[in-house]
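Reading through the structure tokens given below for one structure.
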Amino acid sequence: MSRIVNVAAAQLGPIHRTDSRRAVVARLLEHLRNAHAMGCQLVVFPELALTTFFPRWYVEDQAEMDAYYEAEMPGPETRILFETAAQLRIGFYIGYAELAVENGVKRRYNTSILVDQSGKIIGKYRKVHLPGHAQNEPWRAFQHLEKYYFEPGSSFDVWRGFDGIMGMALCNDRRWSETYRVMGLQGVEMIMMGYNTPVHNPPAPEHDDLSMFHNQLVMQAGAYQNGTWVVGVAKAGNEEGCEMIGGSCIIAPSGEIVAACSTKGDELAIARCDLDLCRSYKTTTFNFERHRRPEAYSLITERRGAIEPEALPA
Ligand code: CDT
């Protein structure tokens with residue numbers, strides 16, 4: 001038996017500060033149409049796919065800040081995406097900055113949604129691992145103020161859709177093994193994650209040459225160790241003077257990259273993903289019920305930071 005989903009990793013080149021939502025949405029629509037023409041049922045867009053990666057600047061003015069967020073989804077400028085998806089019978093994942101109002105209080109999240117082939121939102125995820133810093137740090141070549149612009153989400157859920165079990169995460173989440181395992185424990189068969197990853201990491205420039213290696217390392221390991229497809233999609237290229245890695249790719253449950261983008265611009269990488277390929281990993285080497293030992297892992301949820309033995313009471 002096979003359950004096939006033809007998936008497009010829809011990489012985006014840079015989005016500039018002055019680019020209108022309308023212009024960005026036109027690029028997304030072009031990806032949807034091309035993916036449809038190539039027989040895809042699902043298109044995966046990057047993190048913060050409607051705007052430039054604004055956490056690289058410190059903005060205090062509320063109105064200026066709000067302009068980067070979506071107060072509703074779909075909204076006036078994004079509705080066309082949902083309508084086109086429904087017409088083409090193609091689903092999509094997209095990341096965006098969410099402005100929610102909860103009990104009369106404004107809340108801000110780095111969010112992704114999964115939209116099915118009828119144009120309906122079937123899942124929403126709010127980024128758990130927010131990297132960077134919360135204070136203005138003007139000494140940096142560029143900032144990474146996700147802790148200033150967003151509150152963290154609180155769970156890794158999965159949803160039934162596309163004939164399988166689908167999960168979502170965003171960018172920095174892909175570096176943490178917990179991200180994959182929590183979804184793995186819910187039987188996930190495809191994890192979609194958009195990212196915006198600068199080549200240069202100001203606090204650790206010694207890692208810069210390894211940025212693509214680390215990108216692939218974490219996603220390939222997460223796929224294999226949980227017997228799941230992983231679709232990682234970049235916003236790439238030189239965005240407002242910040243060089244971002246590309247390397248969008250689709251990874252099989254074996255951990256092998258089966259399709260990848262080769263440019264730093266708008267590009268599709270497409271793969272025919274058989275969700276039933278997950279089974280041989282989930283029922284043998286990574287049969288969790290048979291082999292896991294949660295009683296030995298209690299520190300994972302009890303402790304956040306590392307404490308070295310000499311710091312512990314005797
Ligand atoms: N967007 C995002 O999460 N980017 C981070 C950059 C980390 S450097 C502060 C990433 O993990 O790729």
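For this structure, a couple of remarks:
- Scanning region 2-54 for residues that are more than 27 Å from Val199 (Cα to Cα) and in a loop (DSSP other than H, G, I, E, B) yields Ser2, Arg3, Met38, Gly39, Cys40, Gln41.
Per-residue answers, yes or no, for (1) touching a Lys or Arg at 6+ places or on another chain (Cβ under 9 Å); (2) farther than 30 Å from Arg140 by Cβ:
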site	(1), (2)
Leu12	yes, no
Val24	no, no
Leu32	no, yes
Thr52	yes, no
Gly75	yes, yes
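- Every test in (1) touching a Gly at 6+ places or on another chain (Cβ under 7 Å); (2) under 20 Å from Met168 (Cβ atoms); (3) of a type in the set (Gly, Ala, Ser); (4) within 16 Å of the ligand (Cβ to nearest atom) is passed by Ala223 save one, and that test is (4).
- Exclusive hit being among the basic types (Lys, Arg) and over 20 Å from the mean Cα position of the chain (by Cα), set Arg56, Arg3: Arg3
- The residue of region 131-166 that is farthest from Asn6 (Cα to Cα), among those that are more than 16 Å from the ligand (Cβ to nearest atom) and among the hydroxyl-bearing types (Ser, Thr, Tyr), is Ser154.
- Among the residues making up region 268-314, those that are of a type in the set (Val, Ile, Thr) and outside any strand (DSSP E or B) are Thr283, Thr284, Thr285, Ile300, Thr301, Ile307.
- Hey, Leu88 closer than 27 Å to Val5 by Cβ and touching a His at 6+ places or on another chain (Cβ under 6 Å) or not: yes
- Residues of region 167-193 that turn out to be on the phi < 0 side of the Ramachandran plot and near the ligand (Cβ under 9 Å from one of its atoms), as a count: 5
- Answer from Ser254, Ser211 - the residue that is small (Gly, Ala, Ser), out of contact with any Cys (no Cβ under 6 Å at 6 or more places or on another chain), within 14 Å of the ligand (Cβ to nearest atom) and over 20 Å from Val44 (Cα atoms): Ser211
Bear in mind that the values in this text are calculations on the coordinates, not laboratory data. Since we're looking at a predicted model, the values are computed, not measured. All Cβ positions, even for glycine, are placed from backbone atoms using ideal geometry, and neighbour counts span all protein chains on display.
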